[in-house]
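Rule-based calculations on the coordinates, nothing more; no lab input. Just so we're clear, the structure is a prediction, and the values are computed from it rather than from any experiment. Please note: Cβ atoms are built from the backbone with ideal geometry, for glycine as well, and neighbour counts cover all protein chains shown.
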Amino acid sequence: MTTISDIPLTTIDGATTSLADYADKVVLIVNVASRCGLAPQYEKLEALQKTYGERGFTVLGFPSNQFLQELSTEDKIKEYCSMTWGVTFPMFEKVRLNGKSAHPLYQELTKTPDAAGKAGKVKWNFEKFVITPDGGIHRFRPTVEPDAPEIVSLIEVSLPAST
């Protein structure tokens, strides 16, 4: 049986990886879009990366044009993220989030209910999923900011204590 950790992923640079490479980390997966009104969330995502990265946390960005707000190529996305927001966290190739051609990762993630108990399709850009080292998946809708207390406390409680 395939687990979410086994699903093949392709980085924005074309390398193959999977969530298994991040198994010991707290991972925040977010579907991003450069031309979305929520794009300023990149700044808070990068701040989380800088704050917690050395303690075993990472943001994983998955560009998607599902809502027609992403740039046309991976190179343009990479340049935008780097030049505009100073993104250092791993980015992946553009993926589909919903429907029959949804990426297998999102087919699995969208089974997870949000705080209101609703599972199902991604509603908009910048929907967040936190995966903890114990395999727990926690879903946060797009309007929940990356530095919201419920996300930060989940990250902190899931990381090893800082020394």
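Extending 7 Å from the Cα toward the beta-carbon at both Ser82 and Ala161 defines two label points whose distance is 4.0 nm. In the stretch 68-163, the inverse of the mean reciprocal separation of distinct Cα atoms equals 15.2 Å; this is its Kirkwood hydrodynamic radius.
In this structure, Thr17 and Val152 have a Cβ-Cβ separation that, at R0 = 25 Å, corresponds to a calculated FRET efficiency of about 0.45.
Within the chain, all pairs of alpha-carbon atoms sorted by distance into 10 Å bins from zero give the percentages 11, 43, 39, 7, 0. Counting neighbouring beta carbons within 10 Å and listing from fewest to most, the residues Glu108, Glu70 come out as Glu108, Glu70.
In this entry, the stretch 21-85 is assigned a mean projected area of 4.7 nm², taken as a quarter of its C-alpha convex hull surface. For the stretch 24-64, backbone nitrogen atoms closer than 20 Å to the point 7 Å from Arg141 Cα along Cα-to-C-beta are found at 29-33, 36-42. Across the stretch 51-102, Cα-Cα pairs more than 12 Å apart make up 68 percent of the total.
Given R0 = 35 Å, the distance between the Cβ atoms of Thr132 and Lys100 translates into a calculated FRET efficiency of 0.75. Spin-label model, Lys123 to Arg35: label points 7 Å out along the Cα-to-beta-carbon direction sit 2.4 nm apart.
Give me the percent relative contact order of the chain, please, defined on Cα pairs under 8 angstrom at least 6 residues apart.
Once divided by the residue count of the chain, the mean separation gives 27 percent.
The Leu68 and Thr10 beta-carbon pair, evaluated with R₀ = 22 Å, returns a calculated FRET efficiency of approximately 0.50.
Among Asp6, Asp147, what is the fewest-to-most ranking by other Cβ atoms within 10 Å?
Ranking Asp6, Asp147 by Cβ neighbours within 10 Å, fewest first, gives Asp6, Asp147.
Taking a point 7 angstrom from the Cα of Thr112 along the C-beta vector, which residues in the stretch 15-53 have backbone N less than 12 Å away? Flagged as within label range: 26-31.
Cβ-to-Cβ counts within 10 Å put Cys36, Cys81 in ascending order as Cys36, Cys81, the fewest first. I need the fraction of alpha carbon pairs in the stretch 124-163 separated by more than 16 Å, rounded to a whole percent. I get 36 percent for the Cα pairs in the stretch 124-163 exceeding 16 Å.
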